[in-house]
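Could you have a look at this structure, given as structure tokens, before my questions?
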Amino acid sequence: MEFFKKNPKREVKHPEIVDWVVEEYKKRTGMVFRDPDRAIRKLSQEGQLIKVSKGVYKYDPRFVKHKELEDFTEAQKEAIFKRDNYRCVICGRGRADGVEIHADHIRPKDLGGKATIENGQTLCAQHNFQKKNYKQTETGKKMFIRLYELAKANKDEKLKKFCEDVLEVYEKNGINGHIVWER
Ligand SMILES: [Zn+2]
């Protein structure tokens, strides 16, 4: 983060960051920095960095702040729960059934979803977990990566090309950058 904060709003290529981190870490601690790639990916997953394209990252202070701003306040959560009768909008279970409920962004924050009551919905812990972990675009990307690997292994050029085109659309639009597609 120190590196990125010194270089705000600049699109930085992966090797430049790695070189800097490895050298600085060695200078300051005398030790070798293990797995800098993983550290960068983690910052990106946490929403601290924007993944511009494969191996290119950017730090934008406004973006980080924006993400925090788009969390629901306690009052908004209560208004969302009340409107939905304290029940999950998918399965109908709620506090009356002893089920934990969450206020969820219908349009996710990552895709520009705002902290408004209209963009909120009540989900039970299970459905909130499912939505977070099995989002449509994520599931789709994972499936296309698997299909791509299979096509590559089978030397099926036509299918491979099709998967590449689809996966490039993900990259181009900066969707689900935390799921890494290795060509
Ligand atoms: Zn539910």
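The values are calculated or read from the model by the stated rules, or taken from the named source; none is laboratory data. What you see is a predicted model, and the numbers here were worked out from it, not measured in a lab. Counting neighbours? That spans all protein chains shown, and the Cβs are built from the backbone with ideal geometry, glycine included. Note: areas computed on protein heavy atoms with side chains; ligands, DNA, RNA excluded. Shrake-Rupley method; radii C 1.70, N 1.55, O 1.52, S 1.80 Å.
Given N residues in the stretch 68-137, what is its alpha carbon radius of gyration divided by 2.2 N^0.38 Å?
The value comes to 1.05.
Something else now. What's the long-distance tail for the stretch 42-183, i.e. % of Cα pairs beyond 26 Å?
40 percent
Between the DSSP loop rule and a limit of at most 16 other Cβ atoms within 10 Å, which trypsin sites (Lys or Arg not before Pro) in the stretch 137-182 are left?
LYS155
Just the accessible area per residue of the stretch 43-86, please: how many Å² with a 1.4 Å probe?
Here the residues of the stretch 43-86 average 60 Å² of exposed surface.
Assign unit charges at the C-beta atoms only (+1 for Lys and Arg, -1 for Asp and Glu), then state the dipole size of the stretch 1-152 relative to its Cα centre in Debye, rounded to the nearest 20.
360 debye
Now for a different question. What are the chymotrypsin sites (Phe, Trp or Tyr not before Pro) within the stretch 75-181 that DSSP puts in a loop, where the Cβ has at most 11 other Cβ atoms within 10 Å?
Answer by residue number: TYR134.
Could you list which residues have their amide H under 5 Å from that of ILE90, counting only those 5 or more apart in sequence or on another chain, with H placed in the peptide plane?
Here the answer is CYS124, since their amide H atoms fall under 5 Å of that of ILE90.
In addition: GNM on the chain, C-alpha springs below 10 Å: top fluctuator among VAL169, VAL64, VAL32?
VAL32
Kindly provide the helix-only [θ] at 222 nm of the chain, computed as the sum of -39,500 (n - 2.57) over DSSP H runs of four or more divided by all residues, to the nearest 500 deg cm²/dmol?
Counting only the DSSP helices, I get -15500 deg cm²/dmol.
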